[in-house]
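Single-structure report; data block below.
The values are calculated or read from the model by the stated rules, or taken from the named source; none is laboratory data. Quick caveat: nothing in here was measured; it's all calculated off a predicted structure. Cβ atoms come from the backbone with ideal geometry, glycine included; neighbour counts cover every protein chain shown. Keep in mind that these areas ignore ligands, DNA and RNA; they rest on the heavy atoms of the full protein, side chains included. Shrake-Rupley method; radii C 1.70, N 1.55, O 1.52, S 1.80 Å.
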Amino acid sequence: MEKMEEDKVEQLLKKHPHLQKYVENVKKKMGEPAFYSMLPMELKEETEPNLIYSTRGSVFIHIYKTRSMEEIEYHAIEPVLDEAEKEKHDRLLKLIIKKAPEKKSVIEDDELKEIFKELIDEIIEIDERAGDIKPEKKGKKGKIGKKDKVKATTIQKNNIEYFLIKNMIGGGPIECFMRDPYLEDIHIVAGEKIHLIHKIFKMIKTNVEINKDDAPLFTRKLSEKMGVPVSEGRPIVDGVLPDGSRGNIIYSSAISKKGPSMTIRRFNETPISIAQLIKWGTLSSGIAAYLWICLQYGRSFFLCGGTACGKTATMNALIPFIPPEKKIYTTEGTPELQVPHTVWQRLLTKTSGPKEGQVDMFDLLRAALRSRPDYIIPGEVRGAEGNIVFQAMQTGHPCMTTFHAGNITKVIQRFTGEPINVPKTFMDNLDFVVIQLLIEQDGKSMRRVTSIDEIEGYNRAVDGIMSRTAFEWNAIEDEHIFKANRNSFILEEKIARNAGYTDPSEIYDEYDLRKHILERMVEENIMDYYEVVQFIWTYYREGEKGLPITI
């Protein structure tokens, strides 16, 4: 299900005339593009791509290398309304406004979309000859047609529906991006071509632009969707769009000289699985096996790194290692964590409205201590709430969270200094620190777990925290080395002794088994997040004999 077969391409072009017309024009300039239903990661090695892939609905994306600028570009292919479709569109909109009060009142965008689709289905009468029929005239009382119907072909209906939803409910000029599952970030500056961070092709320029005249209105509409209206009095806002994407808007021209600018960090509907991260080389099967054992036995850790290094994606991939019967409590500023467990208490901060009604991360973490969860997962620790995380660990609540730091020394310095001020003697409540970084190598970007350091405790003689390196990334060979193999403080002292192992070194047999299980999962190409979740949980419930593959 990656590169599309010829007959399927023909069906696709027949179903979407706007795509067919585009392809016919493109073929004359750069040859026929390859069609993909899914993009393999191997395409990042392509130096001169010429490909088209599907998004949700009738939007398609053309990735190609320009001859003039010698750079890769992203071209969104959307339906374009002809004169007849524009007229039907306008008549349909009037009828929707007329009939909308008959429908139930809704608040959420998804519910509004369903109402719109329902109304469109009621009003549009499918007639495959409608493209040749002249528009119906208004009756004496101003009604449009005898039955308040608009005749349209199936293709016309699909095109009109896309335009209505795009402009009335969706993202307007950026709707094409909101439908593309391969995007990480959308960077918008008024009057300039929009740039994207693509999961495969990285930073890439698009054919879409929001001009300076339209930018203020578009910006205000976007901020209202996030629930934090922007204005000259409130020129910078952060919020969450209805689909879960995180937005940052800079509105005032006094601050942003080029005009309003925005950054949208896309939300992945389906998390990336641990098997996929192993296949990509972000971490090794050995690291994953180590973390699997640690999460089963309730150990606490921080996942640290810089911006855009994939901390949240890795955290989501690790959460299924927590046994399925455990109660999970998450606290976030923006909803990014995804938990497959049945008992999941998901809480968000509230920064808008009256001051007495606002709830910050500190408040949520304090409430967590009264909820008796098996695991507390703050989305990200930034400031004084880090003290509460250590209090939680001190009282026996395992915690895992993300934090901005490039190595374990920085983690310790920031937590023991202002404004968090965790006493050094408390640091051994944290079991280990995972460092993940965005690495630039030979002109290519890649995300790698570069180290895992175990914390042994406070050494009074040197007034410092003692740690040992469990895993280390070899940049030259691009491989992860288990430096603490048969010498892991966490596996032997914190887990094996408490788990009833007669000989603590026997824990490595379990480590080797799980490492092998993960390697077999990758070999069998079990990559889907939910399939991986069931695989791991089957092992918890039935052992290796219950697994669907031979081990």
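At-a-glance table
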item: The range 1-83: C-alpha pair distances exceeding 14 Å, %; result: 64 percent
item: Net length gained if the chain between Arg486 and Leu513 were fully extended (0.36 nm per residue, minus Cα distance); result: 8.3 nm
item: Accessible surface of the range 15-100 [probe 1.4 Å, protein heavy atoms]: carbon and sulfur percent; result: 51 percent
item: Potential extension, Gln345-Val106 segment - 0.36 nm per residue separation minus Cα distance; result: 83.5 nm
item: Where only C-alpha atoms are counted, convex hull volume of the range 301-432 per residue in Å³; result: 114 Å³
item: FRET E, pair Asp121, Glu192, Förster distance 41 Å, beta-carbon r, rounded to 0.05; result: 0.55
item: Relative packing of peptides 188-196, 234-242, 6-14, 102-110 - highest average C-beta neighbours within 10 Å first; result: 188-196, 234-242, 6-14, 102-110
item: The range 203-303 - Rg and Dmax from Cα coordinates, angstrom; result: 20.0, 57
item: Cross-link partners of Lys98 among aspartates and glutamates (Cα-Cα below 19 Å; sequence separation of 8 or more within a chain); result: Glu87, Asp90, Glu111, Glu114, Glu118, Asp121, Glu122, Glu125, Glu136, Asp148, Glu161
item: Share of carbon and sulfur in the accessible heavy-atom surface of the range 364-510 [1.4 Å probe, %]; result: 43 percent
item: Portion, in percent, of the accessible area of the range 147-275 that falls on carbon or sulfur, probe 1.4 Å; result: 52 percent
item: Amide N of the range 1-35 lying under 14 Å from the label point, which is placed 7 angstrom from the Cα of Arg67 along Cα→Cβ; result: 26-32
item: Cα long-axis angle, helix 17-30 against the chain (0 to 90 degrees, to the nearest 10); result: 80 degrees
item: Accessible surface, the chain, averaged per residue in Å² (probe 1.4 Å); result: 49 Å²
item: Gained length - Asn207 relative to Met41, 0.36 nm times residue gap less alpha-carbon distance; result: 57.4 nm
item: Estimated distance in nm for a label pair at Glu6 and Thr263, the labels positioned 7 Å out from Cα along Cα-to-Cβ; result: 4.7 nm
item: Cα-based reach from Lys327 at 15 Å (exclusive), listing aspartates and glutamates while leaving out same-chain residues under 8 positions away; result: Asp374
item: Among (1) 22.8, 69; (2) 26.5, 88; (3) 27.0, 96, the entry derived from the coordinates for Rg and Dmax of the Cα atoms in Å; result: (3)
item: Point-to-point label distance, Ile97-Glu232, nm (Cα→Cβ direction, 7 Å offset); result: 3.0 nm
item: If the convex hull is drawn through the Cα atoms of the range 228-382, its volume per residue in Å³; result: 141 Å³
item: Percent antiparallel among DSSP beta bridges (both partners in the chain, rounded to 5); result: 70 percent
item: Glu125 long-range amide H proximity, modeled H, under 5 Å; result: Val150, Lys151, Ala152
item: Partners for Lys29 among lysines (Cα-Cα distance below 28 Å; same-chain residues under 8 apart left out); result: Lys3, Lys8, Lys14, Lys15, Lys21, Lys44, Lys65, Lys193, Lys199, Lys202, Lys205
item: Projected label distance in nm at Arg370 and Lys444, using a 7 Å step from Cα toward the beta-carbon; result: 5.3 nm
item: Value of [θ]222 nm, deg cm²/dmol, for the chain, DSSP H segments ≥ 4, -39500 (n - 2.57) each, nearest 500; result: -9500 deg cm²/dmol
